[in-house]
Structure formats: C-alpha cells, structure tokens
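The values are calculated or read from the model by the stated rules, or taken from the named source; none is laboratory data. Quick caveat: nothing in here was measured; it's all calculated off a predicted structure. No Cβ is skipped: glycine too gets one built from the backbone with ideal geometry, and neighbour counts run over all protein chains shown. When the accessible area is computed, the model is the full protein with side chains, heavy atoms only, and any ligands, DNA or RNA have been set aside. Shrake-Rupley method; radii C 1.70, N 1.55, O 1.52, S 1.80 Å.
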Amino acid sequence: MFDIKIVGGKIYNGTLAPGFVADIGIKIDKIEAIGDLSQSESHELVDARGLAVSPGFIDIHSHSDFSVLVNPKAESKVRQGVTTEVIGNCGMSAAPLIGKCKEHLKETYANYNLEMPWEDLRGYIDQVKKGGVAVNLVPLIGHGNIRACVLGYENKPPTAAQMEKMKELLRAQLKQGAFGMSTGLIYPPGTYATTDELVELAKVVEEFQGIYASHMRSEGAGLIEAIKEAIFVGERSNVSVQISHLKTSGESHWGKLSEAFALIEGAIQRGVDVAVDRYPYIASSTDLDSILPASLYAGGNEKELERLRDPQIVEKLSSEFLHMNDKDWNRVMVATVATDANRKYEGLTIYEISQMKKIPPVKVLVDLLVSEKLKVGAVFFGMSEENLRLILKKPYAMIGSDSSARAHYGILASGKPHPRGYGTFPRVLGKYVKDKVVSLEEAVHKMTQLPARKMGIEKRGVIEQGMYADLVLFDPLTVDDTATYQHPHQYPLGIKMVIVAGEVVIRDGSHTGALPGKVLRKVYA
Ligand SMILES: [Zn+2]
C-alpha cells in the first residue's frame, strides 16, 4: 500500500538518462518503487499521463534565508518546482549573527519585521522549525557575516587574533551542519578581504568537505582575474569551488567568455572541482548603490550616506560616471524602494527618471539613495544573450535563481524585483529547451543531480528507490515563465504538482499550505 502512486508519467530521473514512462510509488517520505505498479493499492492516485516527472529542483543559488521566516510557504520558489534551496549565498547568510553583523542585517531587512534572536546556525535552524517551511534549506555561511561579526564593516585587515576568531566562528557553524562558505567580494565587508584571508578560511571549510561559493570580485572589467582568484582559493585549500551567477557584465566585456571557460576547464583538468551557476536572464539585480565606487562604502551605511550628502564628494562622483552615457543609464532600472514617496519610480530607468525630473542621471542616483537611506533595489541590463546560451550549455553549469522566495501577497509582493525569483526554472525548461540550448534531460540534470552532488546533499536529486520523494510533475509542452521586469509577481505555467518529502505542496497550481521542508545538515565523513 503506497501513500501516493503517480501513474503514467514520463520520468526524467535527473541522471541524463532518456525519459521513460513508469509509475512511482511513495511511502511516507520516500520513493518506495518505480515501474509498472498497476497491481498496487494507494491512498492517493495521481494521473501523470502526458506529464514529465522529475526530482524536485535544487536552487543552488538562493537568498531565501530571511524571506522563509516571513512566509514559510516559499511560494515563488515551490511553484517553480523548487524543493530545495541553497541559502546563504553571496557572502550573506542568516548565521552567524552577532554584533555589528546583526545590526546591519536587521537594518537591511527592517521591512520584514523579524526578531532575529538567534546567533548561530543552530539557533537559525530552531527559528525555521518554529514556523515550518515548505522547501528544504541547505545553508552556506556568508564570509561577510563571519567578517562583520568579528571586525564590523571597516576596511581593514584582521589581526592574527581576529583571524583566529573568524576561523573559530566559521568552524562552529560548519560543525552545526553548514555545507560551506560563500563570499560576496563586491559587497562590504567581503570586498575588504585579501585572497590570503579567503584561503585561510577555505582551509577550515576543507576540514568539513564543504564548498566555496563565490560572488567574485568582478564580473566585467576584472572578470578574468576574479576567476583566477576563485580557482586559486579552491586549489590552495583543496575545496570545491562554485562560481556564482557566471556572466560577462557590460558589453565591452562580452568577448571574455572564451577565456573564462578556458580558465575553468583548465582547472577542472588539473583536478580542481569547479562549477558555475547561472539564472536564465540577461539583466542582473542587486542594490542600486553597488554601482558606486567602493571608496564610498567603507565604514558601513551611515558613513556611506554621510558621503552621499556631501556636495563636494557628489561633484567628484559625476566625473567617476563619465563612462556612462544615456544608453547606459537607460540600462539601470529602479526595482524596489522603501518609501511611498518614490514608489512611482519603480520600474523606471535612471535615464527615464532623469528625463522626467530634468536633472542629470548622477543626481537622480544620489537623490534616490539619500532619500531611501540606500534601500533601493535595481535591475541592470548588461549581459549578452548569446553568452547566456553558451554558459547554459556547459556540462558544469547549474541553474540558480539568485533570488529569495517571494509571494503574490504580503510584504514579499512589494516592489518590482527581478523576475528570476518567479521564473528561473520554468524559463529554462520552456524557452531554453524549446530553443534547443539544452535538452530536457540536460535541463533537469542541471537542476537536480548536478547540484545535489556538488553540495553533497544526500538522498535527493535523483528518482530512485529509497530517495526522498521530492518530485515535480510538469507539462513539458506548456511549462514557461510569465514574470516580467514590469510585472514580476506572476507564477509560471505548466507546473502541475510539487511534492516535498512525500507531501503534496502544489496541487493544480495552488499551494496546499503543507510545510514538509527542513534545514538540511551536511553529513561529513
Ligand atoms: Zn551574488
């Protein structure tokens, strides 16, 4: 007797094997049988004829650390078929959370109104348990947290004692089950770290066979040097490297892709475990102030705001942006603001606002950042479609949304966030499979077995007897994203059913309210 029997679907099991028609029997939280199960009884029968059945998708690059505490249903992710999210990317995680780091993240997520009583990963796991969660979470530890907990947001190197403290703090989180460390080397305080500091910390990650995921120091002008640094950190510490959201940012850097591939593939040949992830869009999204020169950030938000209020500094800033013409400013879209006064600018580019207000783009930028106290999310249109396709084709490329879970209601429905938070996985299965950039088997593999192996996630990522019943049923003919830059809060098409650990979370496009997920802990030998 099965709890759920899925009959007649075409199974794409995650391994690159061609799809095959078979039934799947689920008992409690595991896959109990695969094959012709017509003779077996079950409590629930799911007719999957005409549908594809695959392992639940693993979003290897997610930022849902805090948003799942606001809304544990993880709506915009699970409705894409995502059943596991790797959180704590780009140097920023929910744990550890002490001192200046806690102050900063409370400020960053002020609109979420969260208590944040925890200090370490164990505390965060307890917090998630209290509210429950629809999907599984795989935690990475942000290097930015480690550094900010010990040194704050100052641009200075750690003393020997501080370095030891950072290592201890990281080691403690890894012992509690983290899967590795992430860096965000364009953001403070990650940007202040030397390569040596990263190697020292990666050596601690190695003790636990974790991974090193990096939002690199540059994705445009310094892309090649940045890739070399990421590989160097992995090679020196003997840690597996994940290059986050690989891209060639800015038209003048599009030509660098083949050199980037050569570096990565050369490292793979030397035996370094290097892989990349990518979202299927050609615009990026991050804080608007990331466009400013790094000298403006040092010392934290208050110091940054002080500088932006200083007319002399702002005057100098205009000359820093001489390389940006109207076309470039029209590629920077204001996505999210915090105050109602500036709400009307959401969805408009800096160029469009400057035309409306008849003031120069740099003034628009500074005015917005000052009046919003830096809390402006932006979308930057700077990538090449051709390069995106070349990246998706690589056997070491996985799919990551680079987004937190959102919802069509409540606080998570605010602003115009990048549509990738709603559309990443269906967009690959729809647009990029139809365009023959990848086959359906390859697409599923990049979302399932490949990231499960990379992260060391056990018993997930493949449809096999004994594996957890994390499954997605989708219509391969209609699956597609619907979220756009102007109207991002829209769920995809074609995702019929999503099951997490044997419990149905999405049925006929609706969330059942089930919260069967949990924070997974790394098991190391
Ligand atoms: Zn990033």
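In the range 192-214, is there at least one residue being within 16 Å of the ligand (Cβ to nearest atom), open to solvent by 10 Å² or more (accessible area, probe 1.4 Å) and not basic (Lys, Arg)?
As a first pass, look at the range 192-214 and keep what is within 16 Å of the ligand (Cβ to nearest atom): 193, 198, 211-214.
Still in the list and also open to solvent by 10 Å² or more (accessible area, probe 1.4 Å): none.
No, the range 192-214 contains no residue that is within 16 Å of the ligand (Cβ to nearest atom), open to solvent by 10 Å² or more (accessible area, probe 1.4 Å) and not basic (Lys, Arg).
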Point to revise | Any hit, the range 139-148, residues being open to solvent by 10 Å² or more (accessible area, probe 1.4 Å) and over 30 Å from THR339 (Cβ atoms) | key: no
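Going by what's in this entry, would TYR153 be described as within 15 Å of the ligand (Cβ to nearest atom), surrounded by 21 or more Cβ atoms within 10 Å (Cβ to Cβ) and either over 23 Å from the mean Cα position of the chain (by Cα) or not in a helix (DSSP H, G or I) (or both)?
no
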**Study point:** Pick from the range 398-426, criterion more than 16 Å from the ligand (Cβ to nearest atom) and within 16 Å of ILE60 (Cα to Cα), ranking: nearest to the chain's Cα centre (by Cα)
**Key:** ALA405
Check your understanding: Hey, among the residues in the range 456-504 that are in contact with a Ser or Thr (Cβ under 7 Å, 6 or more places away or on another chain) and small (Gly, Ala, Ser), which one's surrounded by the most Cβ atoms within 10 Å (Cβ to Cβ)?
Key -> GLY461
Point to revise | Number of the exception - GLY299 against (1) open to solvent by less than 50 Å² (accessible area, probe 1.4 Å); (2) in the same structural domain as VAL366 (by TED's automatic domain parsing); (3) part of a helix (DSSP H, G or I) | key: (3)
Practice item. Check ALA341, ALA413, ALA378 and return the single one that is in contact with a helix residue (DSSP H, G or I) (Cβ under 8 Å, 6 or more places away or on another chain), over 23 Å from HIS215 (Cβ atoms) and small (Gly, Ala, Ser). Key: ALA341
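Return the only residue of ASP277, ASP289 being among the charged types (D, E, K, R), outside any helix (DSSP H, G or I) and open to solvent by less than 50 Å² (accessible area, probe 1.4 Å).
Details: ASP289 fails: outside any helix (DSSP H, G or I).
Matching residue, one of ASP277, ASP289: ASP277.
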Study note, to complete from the structure: Taking first residues from the range 380-408 that are of a type in the set (Phe, Trp, Tyr) and second residues anywhere that are part of a loop (DSSP other than H, G, I, E, B) and open to solvent by 30 Å² or more (accessible area, probe 1.4 Å), the pairs with Cβ under 6 Å that are 6 or more apart or on different chains are PHE381/ARG331
Exercise for review: May I ask you to say which residue of GLU75, GLU115, GLU119, GLU85 is farther than 28 Å from THR191 by Cβ and touching a Lys or Arg at 6+ places or on another chain (Cβ under 9 Å)?
Suggested key: GLU75
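What residue, of LEU305, LEU263, LEU246, LEU257, is part of a helix (DSSP H, G or I), touching a residue at least 60 places away in the same chain (Cβ under 8 Å) and either within 25 Å of GLY430 (Cβ to Cβ) or assigned by TED's automatic domain parsing to the domain that holds TYR432 (or both)?
On the way: LEU305 fails: either within 25 Å of GLY430 (Cβ to Cβ) or assigned by TED's automatic domain parsing to the domain that holds TYR432 (or both); LEU263 fails: touching a residue at least 60 places away in the same chain (Cβ under 8 Å); LEU246 fails: part of a helix (DSSP H, G or I).
It is LEU257.
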Check your understanding: Given (1) within 16 Å of the ligand (Cβ to nearest atom); (2) open to solvent by 10 Å² or more (accessible area, probe 1.4 Å); (3) under 24 Å from LYS167 (Cβ atoms); (4) of a type in the set (Ser, Thr, Tyr), where does SER244 come up short, assuming only one miss?
Key -> (2)
Review point. Which residues, counting only those in the range 60-119, are within 23 Å of MET398 (Cα to Cα) and either open to solvent by 30 Å² or more (accessible area, probe 1.4 Å) or at pLDDT below 95 (or both)?
Key: HIS63, ARG79, MET92
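Does ASP340 satisfy being within 16 Å of the ligand (Cβ to nearest atom) and either open to solvent by 30 Å² or more (accessible area, probe 1.4 Å) or not small (Gly, Ala, Ser) (or both)?
When the stated conditions are applied, ASP340 does not pass them.
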Practice item. Identify, from the list ARG507, ARG453, ARG521, the residue that is under 24 Å from TYR279 (Cα atoms) and either open to solvent by 20 Å² or more (accessible area, probe 1.4 Å) or of a type in the set (S, T, N, Q) (or both). Key: ARG453
Exercise for review: Please enumerate the residues belonging to the range 308-323 that are among the hydrophobic types (A, V, I, L, M, F, W, C), surrounded by 13 or more Cβ atoms within 10 Å (Cβ to Cβ) and either assigned to a helix (DSSP H, G or I) or at pLDDT below 85 (or both).
Suggested key: LEU308, ILE313, VAL314, LEU317
Revision key, fill the gap. Going through the range 463-503 in order, the residues found to be in a strand (DSSP E or B) and of a type in the set (A, V, I, L, M, F, W, C) are LEU471, VAL472, LEU473, PHE474, LEU493, ILE495, MET497, VAL498, ILE499, VAL500
Exercise for review: Report the residue count in the range 341-363 for those that are not basic (Lys, Arg) and not in a helix (DSSP H, G or I).
Suggested key: 6
Study note, to complete from the structure: Per the filter on the range 157-189, residues open to solvent by less than 20 Å² (accessible area, probe 1.4 Å) and within 16 Å of the ligand (Cβ to nearest atom) are GLY180, MET181, SER182, THR183, GLY184, LEU185, PRO189
